[in-house]
Structure formats: structure tokens, C-alpha cells
Amino acid sequence: MKTDVHESLEAVGSEAWEALHADSRLRSPFLTWAWQRDWLAAFGEGRRLALHAVSDDAGRLLAILPLVEVAPGRLMLAGGADVSDYLDLLCRRGHETEAWSGLLDARAADRATWELHSVPAASPTVTALPSLAAAAGLAATAIIEERCPVLALPETWDAFLSALPKKHRHELTRKMRRLEREVPDARVVWETTPAGIDRRLDDFLTLHRASREGKAKFMDVRMEGFFRRVIGALAATGGARLALLEAAGGPMASFVTLEWDGTVGLYNSGFAPAHAALSPGLVLLAHVVRDALERGCRRFDFLRGEERYKYEFGPVPEPVHLVTIEARP
């Protein structure tokens, strides 16, 4: 095993990166070349990148661990826990244990702390890393950081409705009928291409900033630039979509969704407070779920956060972990 540390993504290159991503256990959009590149461009200025690349004896790339220094002696996974819902070691499926062993051996004398945010519970980084670290003379802990409500999608909308608790089914259908009755010209519009998303992203951003206190602060100029670049880049490969609920008076609600491996992820949202009484966000979300199952997707991932409205659709929470690696005291 060989471990090299680089200071730029280009040292690995997009082709090798994407080939590794395609062969990995976690093929989330947050680990793609485009996401990592655009995140570093937006938020990596002034931060040292330590890109750990693990190769086998034949020189084949096995794994990539991109870390950025956030303070002296403290590094975290590139991608940022504030915008990336699933992060992890990017590794060829089935080689996680040997890749981690190589990484741990290479850093055995390093006193720096590595913080790995948003790691799914089933990942070997959670299940195997603590014991591997102990064998290498290091300490590793994994604690639940947050939960992602995830819904297994049935084949039909009727089956989905039937599986909901009676109260939630009644409320959802009532709100959908009310909006149809009171805003009969309301319609759902989808943008799935980079050009289409670029054309309508201003509508999403306006709704996002207006929908809840704190969202305007979150969506600052730097964050907006990141959204514009990365959502368009993912859309170019079928990995992102923009949904809008609109009527003659303008857009009422909007969602950005991300897609991978038969999964639709509810990434971000916005709605017009003036229409809050009509629950436009919940109505649009119902259309987004229905669209996903009708296109044959088998999972709907509400991503991080356990807001009450998500659980009205019947998902099951799946934890993500913060994994910390550090020298023993």
C-alpha cells in the first residue's frame, strides 16, 4: 500500500476521481468531482488541502480522503457538513478496510485530529475504523451527528397513500385538494437541464431567502455562487432537478433535488410566505415524491434534519456519524 498527500484535486484528476466514485459503496453527489471542486472553489480559500490518495502495490488508485485544515492541527473532510449530507472516504467497494489501514499507518505519528462529518451508519468508516485505529495506536470515535429520514418508495401513488397513517393521509390529500380548488391554475414545472435550472434558479433563491428566518443569511453571495455552479454541473449528468409550484401570480414553492442510484434526495427548499395558508411547500413535496416513484426511483431521502413535515410522509430515520481520529493522549 502506498499513500501520497497532494495539495490539489488536479493531482488525482477528474477522470480517475469519477472512476473511483463509480466503483464506490457511497455514490452520493457530495463525493463527486464536481461537488468537491466547486466546494473548494467557494469555501476552500485560505485553507490547506491535504488530499490523501491510497494506491495498491500495482499502482491502482484505491481511495481518496480529501481533508482541509480548519485550524492548526485540525482537519475535516472537504465538502463541508453545512452543505453536504453524506461524506466519507471515497474508496473502491470492498477495499475500505485495507485503505483505512494504509491511511492510519501513514499518519501514525501525526498529532493532528481528523474530523469526518456526515458518515452513514453502514459505512466501514463507522463500523470498522475504531478497531483499526486502535491497532494502529490511534483513537477513533463515532457518534451520531444527525439523522436522515428515508422513505422506501412503493410502485404506485395509491400504495404510498395507503401506507400513510390515516391522519397524515387525510391531511395531505385535503391540502392538495384545497390548493387545487383555490388556485386552479397552479402547476408543477420541472427544470432538469443546466440551461433550464440557470434560467429559473433566481426564482428558487428568492423563495428560499423569503421562506424562513436564517435562510437569507445562509444564502449569502458565496453560497449562491456555489449553488449556481454545482447544481448546474450535477444537472448536466442527470444528478439534479429543480421543481417549482407556480401560478399566474408567480412561483409559490420550489425544491432542489439531487439524484443517485435510484434515490431522490430533497436537498433544499423555499416557499412564498404570502401563500403559507395553502401549504404550497407540502403540496409541491407530494408532487415531487409522486414523480420520483412514477419514474421508478425506489428511495426518497429527505436528507439531514428531522423536521416534522418530513415524517408526515412516513420515512424511517437513518443516522449519520461524526467520526474523529486522533493520537492517543
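The values are calculated or read from the model by the stated rules, or taken from the named source; none is laboratory data. Remember, predicted model here, so these are calculated numbers, not experimental data. Quick reminder, even Gly has a Cβ in these numbers, built from the backbone with ideal geometry, and neighbours come from all protein chains shown. Each accessible area value is taken on the protein alone, full model and side chains, heavy atoms only, with ligands, DNA and RNA left out. Shrake-Rupley method; radii C 1.70, N 1.55, O 1.52, S 1.80 Å.
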One-quarter of the Cα convex hull surface for the stretch 41-198, in nm²?
15.3
Centre separation in Å (Cα based) which lies between the stretch 138-189 and the stretch 109-130:
32
With N denoting the number of residues in the stretch 17-95, provide Rg(C-alpha) divided by 2.2 N^0.38 Å, to two decimal places.
1.09
Note to self, the chain gives a 222 nm [θ] from helices alone (DSSP H runs n ≥ 4, -39500 (n - 2.57) apiece, / all residues, nearest 500) of -11000 deg cm²/dmol
If one compares the long axis through the Cα atoms of helix 96-106 with the longest principal axis of the Cα atoms of the chain, the angle in degrees, nearest 10, works out at 50
Please find, in a Gaussian network model of the chain (springs between Cα atoms separated by less than 10 Å), the residue of Ala108, Ala81, Ala286 whose mean-square fluctuation is greatest.
Ala108
Classify the stretch 246-329 as rounded, prolate or oblate from the Cα gyration tensor: take a ≥ b ≥ c as the square roots of its eigenvalues, call it rounded if a/c is under 1.5, otherwise prolate when a/b beats b/c and oblate if not.
prolate
Order the following by accessible area, largest value first: Tyr267, Tyr311. Probe radius 1.4 Å; ligands, DNA and RNA are ignored.
Tyr311, Tyr267
Specify the angular offset, from 0 to 90 degrees and rounded to the nearest 10, of the alpha carbon long axis of helix 194-211 from the longest principal axis of the alpha carbons in the chain.
80
Rounded to 10°, Cα long-axis angle of helix 33-43 versus longest principal axis of the chain
90
Taking springs between alpha-carbon atoms closer than 10 angstrom, which of Ala121, Ala136, Ala159 fluctuates most in the Gaussian network model of the chain?
Ala159
What are the principal axis extents of the Cα atoms in the chain, in Å, biggest first?
67, 39, 36
Leaving out ligands and nucleic acids, note down the accessible area per residue over the stretch 82-157 with a 1.4 angstrom probe, in whole Å².
39
What's the local net charge at Leu49, with K and R +1, D and E -1, over the other residues with C-beta under 12 Å away?
-1
As an exercise, use a Förster radius of 35 Å and the Cβ-Cβ distance of Asp202 and Val70 to find the FRET efficiency, rounded to the nearest 0.05.
0.65
In the stretch 138-201 the accessible area split gives carbon plus sulfur, as whole percent at 1.4 Å, a share of 51
Overall form of the stretch 276-322 per C-alpha gyration tensor (a/c, 1.5; a/b vs b/c)
oblate
Go through Phe302, Phe218 and list them by solvent-accessible area, largest first, probe radius 1.4 Å.
Phe218, Phe302
Quote the charge dipole size of the chain about the Cα centre in Debye, to the nearest 20; the model charges only the Cβ of Lys and Arg (+1) and of Asp and Glu (-1).
960
Descending Cα extents along the principal axes, the stretch 200-265, whole Å
33, 30, 17
As straight-line cross-link partners of Lys217, the qualifying lysines (C-alpha separation under 25 Å, not fewer than 8 residues apart within one chain) are Lys310
Expressed as a whole number of Å, what is the distance separating the alpha-carbon centroids of the stretch 34-65 and the stretch 286-314?
31
When only the heavy atoms of the protein chains count and the probe is 1.4 Å, how do Arg60, Arg92 rank by accessible area, highest first?
Arg60, Arg92
Mind running the shape call on the stretch 137-227? Use the C-alpha gyration tensor, a ≥ b ≥ c as the square roots of the eigenvalues: rounded below 1.5 for a/c, prolate if a/b tops b/c, oblate otherwise.
oblate
If you average the C-alpha positions of the stretch 190-212 and of the stretch 1-21 separately, how far apart do those two centres end up, in angstrom?
33
